[in-house]
Amino acid sequence: MAKRSVSILTRLLTNPSSPFTAPTRSITYMPRPGDGAPRTVTLIPGDGIGPLVTGAVEQVFEAMHAPVHFERYEVRGHMRKVPEEVMESVKRNKVCLKGGLATPVGGGVSSLNMQLRKELDIFASLVNCINVPGLVTRHENVDIVVIRENTEGEYAGLEHEVVPGVVESLKVITKYCSERIARYAFEYAYLNNRKKVTAVHKANIMKLADGLFLESCREVAKAYPGITYNEIIVDNCCMQLVAKPEQFDVMVTPNLYGNLIANTAAGIAGGTGVMPGGNVGAEHAIFEQGASAGNVGNDKIVEQKKANPMALLLSSAMMLKHLQFPTFADRLEIAVKQVIQEGKWRTKDLGGDCTTQEVVDAVIKALD
């Protein structure tokens, strides 16, 4: 398959209004092209199970001699802001691997996840919710890619108290960000031979905000006549997801809806413990567990050291593709899925009782 040039993909991400055509190629993720040289990656272990699962990735990378060096920084979700040295590291290295960061509920402390995405302009979240061989689920043939706008909407955190007891929260939707995420979704579908893109909205109620998002999606869809485009209201979408998830292919959403839909689809496809995810922009990328529900685990799992590392290992395979190490990515993905399919080494969420280390050891053995 013909490779597309660095300048074309860079132009897509930095200037979403530029239309172009190019030959088809089959990939599982839209990477930023590189030269294949060994790379330094910023590592944020995070809270809860984060150190356990990021430690699992480090062990597996060492075992497979992956050409990646980790630059570790301790960050906790209760911090007021991401330390400056961490931001400088991500800006310098361009790529970050991250465990879950706890997001405080209330109290006026903003989400560090949102700080990272907004400051680095990491505008697209991608979660691939797909049935994994060996895991029994209620629905078969689930293969949904949820592409979510990452920087605005309700997640912008624009809130203030008008008068005591009355809070105003602003939902901001812009044409620029809506077109950019729509173009990313259609380009992803085109590159991966996907057949359909579904825009999720609530424009029947939020006629201006979600209406602008829909208008942007419709405009971009015209440039991709070979891809079926349709729209669905978010509440109907949730019902359709649990009733007939196989009808969906690529879904493009504003920020809040995408978070809810990705977690729902992940639960349908096999659980958050096996769903990889990436967050990308024109210059930077952060890879973490794909679905956020339970991404920091609970104290009992941490104490027993029985966190499931599979989702972050698969996200790490995604990262290796992004770094232009496809052979290492394929080895890791095949080994992880082989261990899941064999069914002997599973953590509690997948029906077993193994520790994180036992699962890691099984993955390392499967690499050979």
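The values are calculated or read from the model by the stated rules, or taken from the named source; none is laboratory data. All figures in this text were calculated on a predicted structure; none of them were measured in a lab. Ideal geometry is used to build each Cβ from the backbone, glycine not excepted, and the neighbour counts take in all protein chains shown. Only protein heavy atoms, including side chains, enter the accessible area calculation; ligands, DNA and RNA are left aside. Shrake-Rupley method; radii C 1.70, N 1.55, O 1.52, S 1.80 Å.
Figure legend. Inter-residue proximity from the range 59-77: first residues farther than 17 Å from residue 286 by Cβ, second residues among the aromatic types (Phe, Trp, Tyr) and open to solvent by 20 Å² or more (accessible area, probe 1.4 Å), beta-carbon distance below 7 Å, spacing 6+ or different chains. Indicated pairs: 64/328; 66/328.
If you go through the range 231-256 and pick out every residue that is surrounded by 22 or more Cβ atoms within 10 Å (Cβ to Cβ) and either part of a loop (DSSP other than H, G, I, E, B) or out of contact with any strand residue (DSSP E or B) (no Cβ under 6 Å at 6 or more places or on another chain) (or both), you end up with 4. Restricted to the range 110-140, and to residues there that are open to solvent by 50 Å² or more (accessible area, probe 1.4 Å) and basic (Lys, Arg), the residue that is farthest from residue 245 (Cα to Cα) is 118. Would you call residue 63 aliphatic (A, V, I, L, M), open to solvent by 40 Å² or more (accessible area, probe 1.4 Å), under 25 Å from residue 39 (Cβ atoms) and more than 17 Å from the chain's Cα centre (by Cα)? Yes; evaluated as a whole, the condition is true for this residue. Being open to solvent by 50 Å² or more (accessible area, probe 1.4 Å), outside any strand (DSSP E or B) and not hydrophobic (A, V, I, L, M, F, W, C): is that true of residue 155 here? So residue 155 fails the test. Pairs only if they're at least six apart or on different chains, beta carbon under 8 angstrom, first in the range 78-94 and closer than 18 Å to residue 45 by Cβ, second surrounded by 12 or more Cβ atoms within 10 Å (Cβ to Cβ) and of a type in the set (Phe, Trp, Tyr); list them, first residue then second. Between residues of the range 78-94 that are closer than 18 Å to residue 45 by Cβ and residues that are surrounded by 12 or more Cβ atoms within 10 Å (Cβ to Cβ) and of a type in the set (Phe, Trp, Tyr), the close pairs are 83/73; 85/73; 86/73; 89/73. Take residue 132 and decide whether it is among the hydrophobic types (A, V, I, L, M, F, W, C) and part of a loop (DSSP other than H, G, I, E, B). So residue 132 passes the test. Here residue 268 meets each of (1) closer than 30 Å to residue 91 by Cβ; (2) touching a strand residue (DSSP E or B) at 6+ places or on another chain (Cβ under 8 Å) with one exception, condition (1). Exactly one residue out of 82, 90, 75 is assigned to a helix (DSSP H, G or I), outside the structural domain of residue 146 (by the TED database) and either modelled with pLDDT under 95 or aliphatic (A, V, I, L, M) (or both): that is 90. Just one of the listed residues (288, 333, 283) is part of a helix (DSSP H, G or I) and not assigned by the TED database to the domain that holds residue 157, namely 333. Scanning the range 199-228 for residues being out of contact with any Phe, Trp or Tyr (no Cβ under 8 Å at 6 or more places or on another chain) and open to solvent by 40 Å² or more (accessible area, probe 1.4 Å) gives a total of 11.
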